[in-house]
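Structure, as structure tokens:
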């Protein structure tokens, strides 16, 4: 069972946006999906509460911010939205259940260097060969110099950049309705769906 953990100890990098979109993608493929929200702000839980009955079902997984337990049975795909400041014992606990770890990262020098110790901690984990790690550039146009800087930074870490999620109101609008870009007419979010193709391939591999 895939357990996709979305993590970066820095706040405000787009963890909840990425988590809800991944859950929406899995649901669009007909999977039985659960999303857990270990962040005290409960952004993903709020999104789930806004999700209309007509949308493809995504169930909630009640997760305590103070402790992650094994995912419940009866589902095929799990997404876990994690809190800022995740490291040490709490990170090790999360890594015990992860099959995929997605790190959202904005291409600013502040975000990159704030995230570097976290990536180093992942690399030193005794379970590093038990899960896949990938980075998603958030709020960035892949044609810009910022994207090049992000690729250059990650190039020395042996961690792939799975793709880029651009800064657009499309995500704001669908999230406000408990939806994702995978729930609306493709023509309205065509460019965004194109950006997600490489990310989805990695998730499905």
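The values are calculated or read from the model by the stated rules, or taken from the named source; none is laboratory data. Source: prediction; values computed, not measured. In this analysis, Cβ positions are derived from the backbone assuming ideal geometry, glycine residues included, and neighbour counts consider all displayed protein chains.
Quick one: which of 86, 91, 101 is part of a strand (DSSP E or B) and touching a helix residue (DSSP H, G or I) at 6+ places or on another chain (Cβ under 9 Å)? On inspection, the qualifying residue turns out to be 101. Close contacts from segment 102-113, counting a first residue that is at negative phi and modelled with pLDDT of 85 or more and a second that is surrounded by fewer than 18 Cβ atoms within 10 Å (Cβ to Cβ) and part of a strand (DSSP E or B), with Cβ to Cβ under 7 Å and a gap of 6+ residues or different chains, come to none at all. All of 11, 36 fail the test of being out of contact with any strand residue (DSSP E or B) (no Cβ under 9 Å at 6 or more places or on another chain) and at pLDDT below 95, apart from 11.
Conditions tested, residue by residue: (1) surrounded by fewer than 23 Cβ atoms within 10 Å (Cβ to Cβ); (2) at positive phi; (3) touching a helix residue (DSSP H, G or I) at 6+ places or on another chain (Cβ under 6 Å).
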position: 5; (1), (2), (3): no, no, yes
position: 10; (1), (2), (3): yes, no, yes
position: 24; (1), (2), (3): no, no, no
position: 35; (1), (2), (3): no, no, yes
position: 50; (1), (2), (3): yes, no, no
position: 54; (1), (2), (3): yes, no, no
position: 60; (1), (2), (3): yes, no, yes
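Annotation: of all residues in segment 148-162 being modelled with pLDDT under 90 and closer than 25 Å to residue 24 by Cβ, the one that is nearest to the chain's Cα centre (by Cα) is 161. For segment 180-205, residues that are in contact (Cβ under 8 Å) with a residue 12 or more places away in the chain, part of a helix (DSSP H, G or I) and closer than 21 Å to residue 106 by Cα total 11. Within segment 177-192, the set of residues being surrounded by fewer than 16 Cβ atoms within 10 Å (Cβ to Cβ) and either under 18 Å from the mean Cα position of the chain (by Cα) or more than 18 Å from residue 56 (Cα to Cα) (or both) comprises 187, 188, 190, 191. In segment 32-45, the condition of being in a strand (DSSP E or B) and more than 17 Å from the chain's Cα centre (by Cα) is met by no residue. Taken as a whole, the structure places residue 177 among residues that are more than 20 Å from residue 5 (Cβ to Cβ), in a loop (DSSP other than H, G, I, E, B) and at pLDDT 90 or above.
Of the residues 116, 70, 130, the single one that is surrounded by fewer than 14 Cβ atoms within 10 Å (Cβ to Cβ), in a loop (DSSP other than H, G, I, E, B) and at pLDDT 85 or above is 130.
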